[in-house]
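As structure tokens, the structure follows; a few thoughts come after it.
The values are calculated or read from the model by the stated rules, or taken from the named source; none is laboratory data. These numbers were taken from a predicted model, which means no experiment stands behind them. Neighbour counts are summed over all protein chains in view; Cβ atoms, including those assigned to glycine, are modelled from backbone coordinates with ideal geometry. Please note that ligands, DNA and RNA were not included when accessible areas were found on the heavy atoms of the full protein model with its side chains. Shrake-Rupley method; radii C 1.70, N 1.55, O 1.52, S 1.80 Å.
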Amino acid sequence: MFRLSSLKRRRLLRMLLLVFLLWGGWWLGLKIAPPPDPYTVRPAGVRVLDRQGKLLRGFLSKDQKRRWRLELNEISPELINAVLRHEDRWFYQHGGVNPAAVVRAAWGNLRAGKITSGASTITMQLARLTEPRPRNLRAKLHQVWRACQYESLYSKDQILTMYLNLAPYGGNVEGVGAAAHIFFNKPAAELSWAEACQLAILPQSPNGHDPVRQPDSARSARNDLAQGLWDAGIIDQQIHEEILSSPLPTHRWPSPFNAPHFSRWTRQRHPGHATLRTTLDAAVQTRTEEIVAGRVRRLRPLGITQGAAVILDSRSGQIIAMVGSADFHDEKHQGQVNGAVAPRSPGSTLKPLVYAMAFDRGLTTPDALIEDVPRWFADYSPKNFDGLFQGVVKTGKALQSSLNVPAVALAAELEQSQGGGLHGFLKDAGVASLDKPSGHYGLTLVLGGGEVTLLELASLYGLLARQGVWLPTRDVLPKAETADLGRRLLGEGAAWLTMQELKGVQRPDPEILWQGTSRRFEIPWKTGTSYGYRDAWSVGIAGPWVVAVWLGNFSGEGSPHLTGGEVAAPLLFSLIEGLSLESSGTWHQRPPSVAERQICALSGCPVGDHCGPAVTGFYLPGISPSSVCTIHRTVEVDALSLQTVCSRCRADRLTKQLPVEWWPPQVASYLVSGGLALPNIPAHNPDCPAFGPSEAPVITSPQSGSEYFLRRGVPLEDQAIALDASFGTSIRQVWWFVDGVLLQEVRPGEKVFYVPTPGRHQFKVVDDAGRSGSLVVRVHKME
């Protein structure tokens with residue numbers, strides 16, 4: 001059996017103790033005095049990349065350096081090999097310190113009588129870059145210590161990557177990422193051998209080897225490195241000759257400054273990230289900027305100085321392009337404001353959502369009639385954009401014509417329905433710019449009474465394109481593919497019905513020029529104009545792409561030309577055409593939840609027994625109203641006099657059923673006042689004891705000719721005028737009008753109140769037999 005002598009055992013124990021002490025000291029040193037994190041000491045500026053990895057913008061670091069953090073696979077192999085050959089050819093073999101290089105440097109320094117070589121490895125240089133110190137022996141020993149620590153903490157590739165990201169290249173340029181763009185206007189991954197050699201020699205002498213300021217020195221150093229690469233067999237003769245004959249850069253390129261609004265906005269949204277791989281497409285972004293800038297230049301003589309645009313991929317919510325202004329550098333017109341995320345009044349662009357909600361909750365269908373007459377909603381009486389009313393119109397046509405009264409009427413119904421109104425829907429859809437409760441906006445919200453951003457508006461139309469599913473907008477690509485199913489806010493059928501109607505909106509004149517070409521395809525779209533002509537909007541859906549544009553002035557100044565149809569719509573279609581956006585999209589396909597049925601050609605309701613021609617219309621089974629047409633009906637009349645009769649007066653008379661069209665009084669009175677001749681419903685038998693001529697409505701409150709005086713300091717709601725009238729016993733429904741505008745529809749006996757305003761007012765009440773009563777009062781304001 002092998003045995004050690006006592007002397008050898010003692011020596012072995014001493015050696016083990018020494019190893020233990022060295023290991024313990026090493027471990028204690030890491031715990032007590034760990035090396036600083038290079039990226040913490042020298043933080044990188046933020047790189048914003050497009051979806052293909054192209055640099056959009058590189059921001060300065062906190063210490064104002066052009067220093068960007070790259071991964072090793074983003075650096076060309078040519079540059080890596082050139083750096084290793086020039087700086088540390090044994091990098092992957094040593095443990096942070098190269099003993100052979102130390103001996104060689106010591107001997108050389110001794111023979112020269114001064115320090116001519118430092119024997120610094122890449123790891124030691126990283127330590128020096130992280131903790132700069134005066135160049136002396138003590139500093140060198142500190143670098144050795146830190147280099148050994150780094151080698152124990154990081155892999156070789158990590159150390160090399162950190163060095164390449166922190167190496168100095170002159171001025172405030174640090175790291176190969178910035179250097180490649182500054183000297184060659186390209187990413188580090190695309191550097192040639194000649195360019196790689198030029199950058200590899202710079203860190204040892206950033207000023208002395210500057211190819212712009214010191215071309216002779218830079219060329220000589222580059223060629224020496226090329227010779228070394230050839231001697232080592234790393235490059236062949238052809239590459240060697242190409243390096244020697246390659247010209248040097250003659251100037252420094254500016255840092256990329258693409259998509260400035262988007263780059264700044266997305267950096268603010270993602271603090272703490274050195275690299276942001278965004279969803280933006282640089283080519284689409286550039287073309288969008290050109291089209292917006294060109295359009296605004298032509299509109300400036302009209303007092304329109306700015307524009308913005310957003311393009312979304314509706315399938316994922318990803319932002320493909322974002323233009324914040326016509327010119328970022330235009331200080332006169334506040335070009336640095338990002339109009340894509342600035343809250344503004346959206347005008348009528350929210351109306352499609354109200355119609356979609358109404359379809360989804362079974363309030364109406366696209367073919368059903370909806371009233372477009374003057375009326376009051378509490379103390380609010382909306383007017384249409386042109387000041388005119390159509391009396392009655394199909395719901396889908398009301399959306400296409402962007403009528404205000406029908407939209408407000410549907411919004412009022414939604415507020416009373418289960419599920420809430422437009423405000424709650426918008427909050428569920430991520431509209432953060434509505435920062436006040438629903439009551440603050442009221443029914444004006446559907447007409448632009450609140451503020452949304454262009455990006456939020458594009459997202460809302462993306463919801464329609466996804467057939468009712470909401471997704472958050474995305475500005476950064478996910479690191480891994482994730483299936484985000486989103487959140488359903490609308491039924492797919494309601495969204496599809498809405499999109500079908502938006503396809504029928506009349507396009508602007510310039511678009512007519514290519515309606516017959518192969519590029520002609522269906523585009524659901526909408527415009528909006530804010531109060532005071534301050535904002536013009538247009539949003540359209542071309543295949544899977546949502547395109548949203550805004551035109552106006554960041555100062556808030558209005559212009560009579562700032563209407564969605566006049567200026568925003570042409571810009572929208574210029575973008576769709578100029579970008580050659582595809583036409584196919586999932587919203588084209590009719591979902592199973594939409595069916596067809598026979599409807600009355602006039603009322604749009606399911607066909608009744610007395611309707612005329614029938615047509616086919618879309619509806620949502622189990623959701624859409626199923627009541628048959630009530631406009632076409634029959635009344636019982638005396639066969640000789642053709643006067644209507646009832647159970648109280650039909651005795652001993654020969655009667656028959658007469659087909660008639662019955663229109664609600666508020667609609668009939670408005671249509672008649674507009675000169676439209678409606679079919680007359682025969683008068684009732686004047687001899688009827690229950691329905692005599694003396695039983696036309698009689699207004700009992702207020703009194704005819706009365707005068708009211710508004711008291712100062714008392715809320716107008718507390719000075720409301722009570723409206724009442726007497727009616728025949730057979731009357732079931734009555735309509736109150738103030739100055740020709742519908743105030744309220746009630747049953748006989750129900751109280752109605754009018755909040756007065758100074759002036760002369762006519763009160764009129766109409767019963768369901770078409771009879772009416774009216775009177776006039778005056779309201780004065782006390783001085």
Quiz prompt | Backbone N within the stretch 753-781 under 20 Å of label point (7 Å from residue 711 Cα along the Cβ vector) | solution = 753-759, 778-781
Practice problem: Ignoring everything but the protein chains, give the 1.4 Å probe accessible area of residue 191 in square angstrom, nearest 10. | Solution: 10 Å²
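With every protein chain present, what is the per residue accessible area of the stretch 536-689 (1.4 Å probe, Å²)?
Details: 7150 Å² over 154 residues.
Accessible surface, normalised per residue, equals 46 Å².
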Quiz item: Helix hunt in the chain: which complete DSSP H runs extend at least 30 Å axially by C-alpha with mean Kyte-Doolittle at least -0.5?
Solution: 6-32
Quiz item: Can you list the cysteines of the chain that have no other Cys Cβ under 4.7 Å away?
Solution: 148, 197, 646
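If you roll a 1.4 Å probe over the heavy atoms of the protein chains, what accessible area per residue do you get for the stretch 282-424, in Å²? Can you show the working numbers first?
Working: 5180 Å² over 143 residues.
Computed with neighbouring chains in place, this is 36 Å² per residue.
Going by accessible area, probe 1.4 Å, with all protein chains left in place, what is the ranking of 772, 381, largest first? Walk me through the intermediate numbers first.
Working: 772 60, 381 25 Å².
Order by accessible area, largest first: 772, 381.
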Quiz item: So what are the ³J(HN,Hα) numbers for the stretch 48-54, from phi and the Karplus equation (6.51, -1.76, 1.60; θ = phi - 60°), rounded to whole Hz, Gly and Pro as x?
Solution: 10, 10, 7, 5, 8, x, 6
Quiz item: Can you tell which of 261, 306, 75 lies farthest toward the positive end of the dipole of the chain, using +1 and -1 charges on the Cβ of basic and acidic side chains (Lys, Arg; Asp, Glu)?
Solution: 75
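Which value, in debye to the nearest 20, describes the size of the charge dipole of the stretch 442-502 about its Cα centre when Lys and Arg Cβ atoms bear +1, Asp and Glu Cβ atoms bear -1, and nothing else is charged?
Computed charge dipole of the stretch 442-502: roughly 160 debye.
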Practice problem: May I ask for the net charge around residue 419, where only other residues with Cβ less than 12 Å from the Cβ of residue 419 are counted and Lys, Arg are +1 while Asp, Glu are -1? | Solution: -3
Practice problem: Of the options 777, 757, 555, report the single residue whose Cα projects farthest towards the positive end of the charge dipole of the chain (beta-carbon charges: Lys, Arg +1; Asp, Glu -1). | Solution: 555
Self-check item: Cβ-based charge dipole, the chain, positive-most Cα from 543, 278, 182
Solution: 182
Quiz item: Could you give me the ³J(HN,Hα) list for the stretch 753-769, computed from phi with Karplus coefficients 6.51, -1.76, 1.60 and θ = phi - 60°, whole Hz, x at Gly and Pro?
Solution: 10, 10, 7, x, 10, x, x, 8, 10, 9, 9, 9, 10, 10, 9, 6, 9
Quiz prompt | Charge dipole magnitude, Cβ of K and R +1, D and E -1 - the chain, Cα centre, debye nearest 20 | solution = 4480 debye
Self-check item: Computed helical MRE - 222 nm, the chain, DSSP H runs ≥ 4 contributing -39500 (n - 2.57), nearest 500
Solution: -9500 deg cm²/dmol
Practice problem: Kindly report, to the nearest 10 Å², the accessible surface of residue 230 as traced by a 1.4 Å probe over protein heavy atoms only. | Solution: 100 Å²
Quiz item: Non-local amide H neighbours of residue 476 (under 5 Å, H modeled in plane, Pro and chain starts lacking H): which ones?
Solution: 279
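Assign one of three labels to the stretch 375-423, namely rounded, prolate or oblate, based on the Cα gyration tensor with a ≥ b ≥ c the square roots of its eigenvalues; rounded applies when a/c is under 1.5, prolate when it is not and a/b is larger than b/c, and oblate otherwise. Could the numbers behind the result be given before it?
On the way: a/c = 2.33, a/b = 1.43, b/c = 1.62.
Oblate shape, in that a/c is at least 1.5 and b/c is the bigger or equal ratio.
Rounded to a whole number, what % of the accessible area of the chain do carbon and sulfur atoms account for, probe 1.4 Å?
On the way: 20010 of 37400 Å².
Carbon and sulfur: 53 percent of the exposed surface of the chain.
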Quiz item: Under a point-charge model restricted to the Cβ atoms of Lys and Arg (+1) and Asp and Glu (-1), what is the dipole moment magnitude of the stretch 716-783 relative to its Cα centre, in debye to the nearest 20?
Solution: 200 debye
Quiz item: For residue 710, which sequence-distant residues (separation of 5 or more, or a different chain) have an amide H within less than 5 Å of its own amide H, given hydrogens modelled in the peptide plane?
Solution: 780, 781, 782
Exercise. May I ask for the distance between the Cα centers of the stretch 532-546 and the stretch 383-412, given as a whole number of Å?
Key: 20 Å
Quiz item: Which ³J(HN,Hα) values in Hz, rounded to whole numbers, follow from the phi angles of the stretch 736-750 under the Karplus curve 6.51 cos²θ - 1.76 cosθ + 1.60, where θ = phi - 60° and Gly and Pro get x?
Solution: 9, 10, 10, 6, x, 10, 4, 9, 6, 10, 9, 8, x, x, 6
Self-check item: For residue 56, residues with placed amide H under 5 Å, excluding near neighbours
Solution: 48, 49, 50
Self-check item: Counted charge near residue 170, where neighbours are those whose Cβ lies closer than 12 Å (Asp, Glu -1; Lys, Arg +1)
Solution: +2
